[in-house]
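Derivation of every value follows stated rules applied to the coordinates shown; laboratory data play no part. These figures come from a predicted structure and were not determined experimentally. Here Cβ is always computed from backbone atoms with ideal geometry, including for glycine, and neighbour counts include all displayed protein chains.
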Amino acid sequence: MKRILIPFLSVACLVLMWNIYSQHADSKTDVFHYKHSVVGDNSAVANIVKELAHHQELRQIALVTKQTPYGIHLTYKDIETEQVEQEIKETILFNATYLFVLVDNVDQITFTFPDYTFTVTRDKLDGWYNKQLSTIKQESDVKKLLQRHLKSENKINQFFAD
């Protein structure tokens, strides 16, 4: 009986510890608890950006809070990939989408890469999605929206052509 009980308890403890770790890890990456943040809350904006695409290449975050339009300026170092321009476009759309969903008063976001700078306004991105991003309440809805719109290279390029 002891021979069976000790391995069983060991496995049960490991499963319990893994479960606790998984719940803790999930809560750390849940950016939606920053919903309704404002541009002036630099720690909330920084914590959101740390969870977004290519956060490891982020060099600087600057917040424009003195007068409208309120904004966020994100500066990145080089992104190492074969299709750099397309990856940058997808990163801009992905990150801007999350920021416009989560940060209530941000009007525009400027993304600066070594050879590329682009400013996205809330109105333009809302129009591209044909949806007011601030009304999204769940991360699963953001993911579905991104999946539908980022699957087409033509659709992505259309946003940047306007």
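How about Lys151: which aspartates and glutamates have a C-alpha closer than 17 Å to its C-alpha, ignoring those fewer than 8 places off in the same chain? Qualifying aspartates and glutamates at Cα under 17 Å: Glu85, Glu87, Glu90, Asp141.
In a simple Cβ point-charge model (Lys, Arg +1; Asp, Glu -1; nothing else charged), segment 42-103 has a dipole of about 460 debye relative to its Cα centre. Full extension of the chain between Gln138 and Thr112 gives 6.5 nm of extra length, using 0.36 nm per residue less the Cα-Cα distance. Each peptide in 126-139, 40-53 receives the mean, over its residues, of other Cβ atoms within 10 Å, and ordering these scores from highest gives 40-53, 126-139. When the charge dipole of segment 59-162 is built from unit charges on Cβ atoms (+1 for Lys and Arg, -1 for Asp and Glu) and taken about the Cα centre, the candidate among Tyr98, Thr81, Leu150 whose Cα reaches farthest toward its positive end is Tyr98. Does segment 56-162 come out rounded, prolate or oblate by the C-alpha gyration tensor, with a ≥ b ≥ c the root eigenvalues, rounded set by a/c under 1.5 and, if not, prolate when a/b is larger than b/c and oblate if not? In terms of gyration-tensor shape, oblate. Charged side chains reduced to their Cβ positions (Lys and Arg at +1, Asp and Glu at -1) give segment 54-162 a dipole of some 440 debye around its Cα centre.
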